[in-house]
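One structure is given here, and the rest of the page talks about it.
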Amino acid sequence: MKFTVCVLFYGNYPELAFRVLSSLSRLQWRGKFVLRVGFNNVEPSLINQLMPFMLEHWPLARVYEGGAPYYKYPLMRGMFEQPPIDTPFTMWFDDDSWVLPEAPDNWFETIEEKMANGFDMLGAIYTQNLKGNQHDWAADQPWYTGKPVEAKHKVTFVTGGWWTARTAIIQKHQWPPPAILHNGGDVMLGELARQQGYRLGNFTTGLAINANESKKCSSSPRRGAHLSPVGVDYRRQTKPVESNPNAWLNFLDGRDL
């Protein structure tokens, strides 16, 4: 298989949960992907409702449960790493994103073709200026390559509600890092892509991404925690002065004794 599809559910919203899972359950797509599902603050009663449907369509699906305070990125990290994903591409869905009925049956093949044409990550592309000290945070990351990133730098990124990326990139950079909890991860993944020279492609065909009934991208209301985006309040550590046990010798040089 070429794809691992990861779906993250938050709270007790059965209409969202069944909508996204149903949108992926086409007979033509069996064997196209393996499924991983994460539950954040979801009542056991809803999980029990979902399990028979999942077992019918994806009997080998892996299930993950997050812990309080139910932030997005720690659970995402667990879904990516336990065990490591072994397909070439990783696809992510928030539970308010789904595949539309009008998406063609060759939808997965279309995504694979775009990735084969040189894209490293696909999704709905946005831009956003960095806030606070996010520029310092980015410049102190192991993936930073020296491309200037100033205060209020405008980042091009793929919104976090749905995306597909090369699994090798996720694993190379151990994404997401532990420092990212709930907000700002998509923006920083965009800056990582710029620093590393990865190519982002705009792809929304057959998709409603973070959408309400209008199906318009980013029209769904926010749910769950709302934290300052990662890096806004970042403070660089000042490097301690290294002690020199022979400093007194330098101090005595050239002095009359």
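Yes/no per residue for (1) part of a strand (DSSP E or B); (2) over 18 Å from the mean Cα position of the chain (by Cα):
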| position | (1), (2) |
| --- | --- |
| Gly78 | no, no |
| Thr87 | no, no |
| Asp105 | no, yes |
| Lys114 | no, yes |
| Phe119 | no, no |
| Tyr126 | yes, no |
| Lys131 | no, yes |
| Ala138 | no, no |
| Trp143 | no, no |
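Once the stretch 163-187 is narrowed to residues that are out of contact with any Phe, Trp or Tyr (no Cβ under 8 Å at 6 or more places or on another chain) and farther than 30 Å from Ala68 by Cβ, the residue that is surrounded by the fewest Cβ atoms within 10 Å (Cβ to Cβ) is Lys172. Among (1) surrounded by 15 or more Cβ atoms within 10 Å (Cβ to Cβ); (2) modelled with pLDDT under 95, where does Met1 come up short? Just one mismatch for Met1, condition (1). Candidates Gly197, Gly160, Gly190, Gly123: the one that is without any contact (Cβ under 8 Å) to a residue 60 or more places away in the chain and buried (at least 19 other Cβ atoms within 10 Å of the Cβ) is Gly190. Kindly indicate whether any position in the stretch 36-54 is over 28 Å from Pro178 (Cβ atoms) and modelled with pLDDT under 95. Checked against the condition, which is being over 28 Å from Pro178 (Cβ atoms) and modelled with pLDDT under 95, the stretch 36-54 yields no hits at all.
What do you reckon, is Tyr64 in contact with an Asp or Glu (Cβ under 9 Å, 6 or more places away or on another chain), modelled with pLDDT of 95 or more and surrounded by 15 or more Cβ atoms within 10 Å (Cβ to Cβ)?
Spelling it out, it is not the case that Tyr64 is in contact with an Asp or Glu (Cβ under 9 Å, 6 or more places away or on another chain), modelled with pLDDT of 95 or more and surrounded by 15 or more Cβ atoms within 10 Å (Cβ to Cβ).
Taking the stretch 14-49 as the range and being surrounded by 16 or more Cβ atoms within 10 Å (Cβ to Cβ), assigned to a helix (DSSP H, G or I) and in contact (Cβ under 8 Å) with a residue 40 or more places away in the chain as the test, the residues that pass are Leu16, Ala17, Arg19, Val20, Ser23, Trp29.
The values are calculated or read from the model by the stated rules, or taken from the named source; none is laboratory data. Computed from a prediction, not measured in an experiment: that's the story for all the values here. Positions of Cβ are generated from backbone atoms using ideal geometry, with glycine treated the same way; all protein chains shown enter the neighbour counts.
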